[in-house]
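Down below is the structure, laid out as structure tokens.
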Amino acid sequence: MEFEYKDRQNKQARDKASELLADLPFYVQTFVVGREGKMSARTQYIYISRIDSFYTFLTEKNYFVGKARTDITLSDLSTLRTEDIEIFASWIRHGRLSSKNSDDKETTINNYLSAINVFFKYFVNHGKLEFNPVAGIERGKVSRHEVIRLNDRQKDEFFNCIETGDSLTKHQKAYHGKNALRDRAVCLTLARTGLRVSELVGLNLDDIDFDDCSLTVLRKGNKYDRIFFDDEVSDLLQEYLEYRKTLLTDPSEKAVFLVTIGKYKGTRLSVRAIERLVKKYAVAGSPSAGKRITPHKLRATYATDMLQATGNISLVQKALNHESPRTTMIYADERTIELQNARNILMERNRNTDNS
């Protein structure tokens, strides 16, 4: 497996981070360098963007009169107290997140506070600040999210729509013939392997081994892993790879999943493109699932199906590349599964009673 795709993604994240750092005080760069070995390029960018928002807040609220963002010093930050961080959280809640639902909003605010907390903690640990004003913040309570996945009927509707094009708009049907085989291969691979969409996008031809039906993927932390696929996925991938040859504009292209039309034909399919195609078939083919279905929900579908089929948390944990079984356990919704399996139990009992 080559790092080309991952390298490009990391470079984009680093470039975005550099743009933000240019408009932040010099010591933010010190923080980034100090945390470099503990964060991926994307995680660094996310942290820097949240720190950037914090400095936007400080300047908008005129905390340090007459000072530009880049002129705010660590001595200035030392004057901030817990109440100021609470005001920052409120500024995020009622400004940037006003359109989000309450659970998503509180989760995002907690993520901002976590980033700012790590930032202050770094300078406290290095003797540059004496007080971390984020430490005393009480985080908002977030309800446990419902695990959204496709049930058996919705899976049938979803994959039938991909195969036949039924229920697509007239415009979508015009391109369905060129996309159907690729889209089936993309979605079935996601639903039968539990791959993250970024891992699927990064696949190269050399990563597929049809002899033992496995994929070599680059996981989080740049770790290699082998993921196995079933015979149905194997047959579909082999059929798609024959079709893939007709899409090539550059014979050296190694990406498995390619753009089928337009000026980017023959280049690697993007994460955003896969998100759009999954949404398209979910909305058209299975309205009851509709807009709630994303590539990550196909991963959740795989997790739930595997847990129901095997009852083996450890096995599914390994397949999903979770560090902790607690993360995998969110897919083991035993209450819902048991209630669903028992939904006809009273009807059957009454029927048996009537027949006795």
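Checking every residue in the stretch 47-69 against the condition of being under 30 Å from L215 (Cα atoms), out of contact with any Phe, Trp or Tyr (no Cβ under 9 Å at 6 or more places or on another chain) and part of a helix (DSSP H, G or I) gives zero matches. For K6, the conditions (1) under 22 Å from the mean Cα position of the chain (by Cα); (2) assigned to a loop (DSSP other than H, G, I, E, B) are fulfilled apart from (2).
On inspection, E323 fails the criterion of being exposed (fewer than 15 other Cβ atoms within 10 Å of the Cβ) and touching a helix residue (DSSP H, G or I) at 6+ places or on another chain (Cβ under 8 Å). Are any residues in the stretch 187-221 assigned to a loop (DSSP other than H, G, I, E, B) and farther than 24 Å from Q9 by Cβ, and if so, which ones? F210, D211, D212, C213, listed by residue number.
Under the condition of being within 19 Å of T70 (Cα to Cα) and either in contact with a helix residue (DSSP H, G or I) (Cβ under 6 Å, 6 or more places away or on another chain) or in contact (Cβ under 8 Å) with a residue 12 or more places away in the chain (or both), the residues counted in the stretch 1-25 number 7. Go through R272, R299, R276 for me and flag whichever is surrounded by 20 or more Cβ atoms within 10 Å (Cβ to Cβ) and not small (G, A, S). Selected residue: R299, the only one of R272, R299, R276 that is surrounded by 20 or more Cβ atoms within 10 Å (Cβ to Cβ) and not small (G, A, S). Across the stretch 222-269, the qualifying residues are those that are more than 16 Å from F210 (Cα to Cα) and assigned to a helix (DSSP H, G or I), and the one among them that is most open to solvent (accessible area, probe 1.4 Å) is Y243.
With respect to T267, determine if the residue is polar (S, T, N, Q), more than 20 Å from L168 (Cα to Cα) and touching a strand residue (DSSP E or B) at 6+ places or on another chain (Cβ under 9 Å). Spelling it out, T267 is indeed polar (S, T, N, Q), more than 20 Å from L168 (Cα to Cα) and touching a strand residue (DSSP E or B) at 6+ places or on another chain (Cβ under 9 Å). Between R349, R343, the distinction of being in a loop (DSSP other than H, G, I, E, B), at pLDDT below 75, over 26 Å from L215 (Cα atoms) and open to solvent by 70 Å² or more (accessible area, probe 1.4 Å) belongs to R343 only. If L236 passes every condition in (1) more than 30 Å from T328 (Cβ to Cβ); (2) in contact with a helix residue (DSSP H, G or I) (Cβ under 9 Å, 6 or more places away or on another chain) but one, which one does it miss? Of (1) more than 30 Å from T328 (Cβ to Cβ); (2) in contact with a helix residue (DSSP H, G or I) (Cβ under 9 Å, 6 or more places away or on another chain), only one is false for L236: (1).
The values are calculated or read from the model by the stated rules, or taken from the named source; none is laboratory data. Quick caveat, the model's predicted, so the values are computed rather than measured. Quick reminder, even Gly has a Cβ in these numbers, built from the backbone with ideal geometry, and neighbours come from all protein chains shown. Accessible surface areas use protein heavy atoms only, side chains included; no ligands, DNA or RNA. Shrake-Rupley method; radii C 1.70, N 1.55, O 1.52, S 1.80 Å.
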